[in-house]
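S.K.: Starting off with a structure, shown below.
Read-outs: derived from the displayed coordinates by stated rules, not from any lab. Because the structure is a prediction, the values reported are computed rather than measured. Cβ placement follows ideal geometry from the backbone for every residue including glycine, while neighbour counts extend to all protein chains displayed.
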Ligand code: AHN
Ligand code: ZN
């Protein structure tokens, strides 16, 4: 897709000025082409089949709950994939205490493109999966770990496909792809003790207090969470609106211009405690959350498979991956 950036006006002015200057015709044409190159940007085509395969690969490790074998193996896979796509990879390992005192061996995995550039965009997704299907309609499943095809693997799969695209054609800004750990270990619904928001998003809290690079900053951040559900609808989330209203506006505009208005609803939805909240509060990087808001689902506002044993590959729809992935590409390639 060829995006005309700002100034048809500028181009018109240039052509008019050129017409009155005394260069050769050929020069004029070359100069116009030069200028056109500066005001147009070619945005790559997001490949939803490729993203789907990255989701499948993660699900094939089984549940990726912290302190499990599947978690360790999947972490190595993600770091290797980012490196394969040309990113500079940094892993942060930390032992983070969970709500019940369990020490989680957590790993945030960061892949950086143009690491030397000061102009940056941060893209986030959590890669761990929940140890309990505590929202399953069948109580027998409440202690079963979920596969997290949507809740975990989908955001990561979209970002791995974006990494693959960046490796083929670099956008102007430096991009950091940040896979956060231990997002989904918040106290289960069946836990009778205290429930607090800071029991969630442990990897994000760690990263926001201790970024992978000293003094790290980014122009803005985008968090992807559960971006693969069939017929998902994404509303502007309340904390995102509070901390990064302009980024919400930019993203929803790009989505609608690209033809994904049936997924990106231009209205404010719910308020969600998610990784972006801590990134906004603790790191001060204006960061939005792209997360579903399903008003018609009685089981969960995040869609029918949220924290159930049905969060498997059947829950993933390529059209939703395409809508989200293409939108994020439109945003990052149009940043100057
Ligand atoms: C709460 O349920 C408090 N926040 C949702 C964050 C989340 C869980 N994202 C994925 N799983
Ligand atoms: Zn979850």
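S.K.: Return the percentage of antiparallel bridges among DSSP beta bridges fully within the chain, rounded to the nearest 5 %.
M.R.: Percent antiparallel among DSSP bridges in the chain is about 55.
S.K.: Rounded, prolate or oblate: which fits segment 25-175, taking a ≥ b ≥ c as square roots of the Cα gyration tensor eigenvalues, rounded meaning a/c under 1.5, else prolate when a/b beats b/c?
M.R.: prolate
S.K.: Same structure again: What shape does segment 96-200 have by the C-alpha gyration tensor, where a ≥ b ≥ c are the square roots of the eigenvalues, rounded means a/c under 1.5, and otherwise prolate means a/b greater than b/c and oblate the rest?
M.R.: It comes out prolate by the Cα gyration axes.
S.K.: Please give the helix 48-59 orientation as an angle from the longest Cα principal axis of the chain, in degrees from 0 to 90, rounded to the nearest 10.
M.R.: In the chain, helix 48-59 runs at an angle near 30 degrees to the longest axis.
S.K.: Could I ask something else about it? For n ≥ 4 DSSP H runs only, could you compute -39500 (n - 2.57) per run for the chain, divide by its residues and tell me the 222 nm figure to the nearest 500?
M.R.: One gets -11000 deg cm²/dmol as the mean residue ellipticity at 222 nm.
S.K.: Right, here's the next one. Working from Cα positions, state the angle (0 to 90°, nearest 10) between the long axis of helix 155-168 and the longest principal axis of the chain.
M.R.: Long axis of 155-168 versus the principal axis of the chain: about 30 degrees.
S.K.: Same structure again: Express the relative contact order of the chain as a whole percentage, based on alpha carbon pairs under 8 Å and six or more residues apart in sequence.
M.R.: 21 percent
S.K.: Round to the nearest 10 and give me the degree value, 0 to 90, for the angle of helix 8-20's Cα axis relative to the longest principal axis of the chain.
M.R.: Its long axis makes an angle of about 20 degrees.
S.K.: Right, something else. Over the Cα atoms of segment 158-208, what radius of gyration and what Dmax do you get, in Å?
M.R.: Over segment 158-208's Cα set, Rg and Dmax evaluate to 16.6, 51 Å.
S.K.: Moving on. Kirkwood Rh over Cα pairs of segment 222-306 into Stokes-Einstein at 10 °C, 1.306 mPa s: D in µm²/s?
M.R.: Numbers: Rh = 12.9 Å.
Once the numbers are plugged in, D ends up at 123 µm²/s.
S.K.: Determine the gain in length on full extension of the stretch residue 72-residue 312; use 0.36 nm per residue of separation and subtract their C-alpha separation, reporting nm with one decimal.
M.R.: The residue 72-residue 312 span can extend by a further 84.4 nm.
S.K.: Still on this structure: Tell me the label-point distance for the pair residue 93, residue 219, using the 7 Å Cα-to-Cβ offset, in nm and rounded to one decimal.
M.R.: Computed distance between label sites residue 93 and residue 219 equals 3.6 nm.
S.K.: Given 0.36 nm per residue, what is the gain on full extension from residue 266 to residue 249 after removing their alpha carbon distance, in nm?
M.R.: Details: separation 17, 0.36 × 17 = 6.12 nm, distance 0.86 nm.
Value of the extension gain: 5.3 nm.
S.K.: Roughly what would the spin-label model give for residue 335 and residue 60, points 7 Å off Cα along C-beta, in nm?
M.R.: The answer from the label model is 3.2 nm.
S.K.: Would you mind estimating how fast the chain diffuses translationally, via Stokes-Einstein at 4 °C and 1.567 mPa s with the Kirkwood radius over Cα pairs, in µm²/s?
M.R.: 63 µm²/s
S.K.: Using 0.36 nm per residue of separation minus the Cα-Cα distance, give me the extension gain between residue 102 and residue 40 in nm, one decimal. Don't jump to the answer; show the numbers that get you there.
M.R.: Working: separation 62, 0.36 × 62 = 22.32 nm, distance 5.19 nm.
The residue 102-residue 40 span can extend by a further 17.1 nm.
S.K.: Oh, and also: If r is the Cβ-Cβ distance from residue 140 to residue 170 and R0 is 45 Å, what FRET efficiency results, to the nearest 0.05?
M.R.: 0.35
S.K.: Which whole-number percent is the relative contact order of segment 139-282 (Cα, under 8 Å, 6+ apart)? List each step's numbers first, then the result.
M.R.: On the way: 121 pairs, mean separation 40.9, N = 144.
Computed value for segment 139-282: 28 percent relative contact order.
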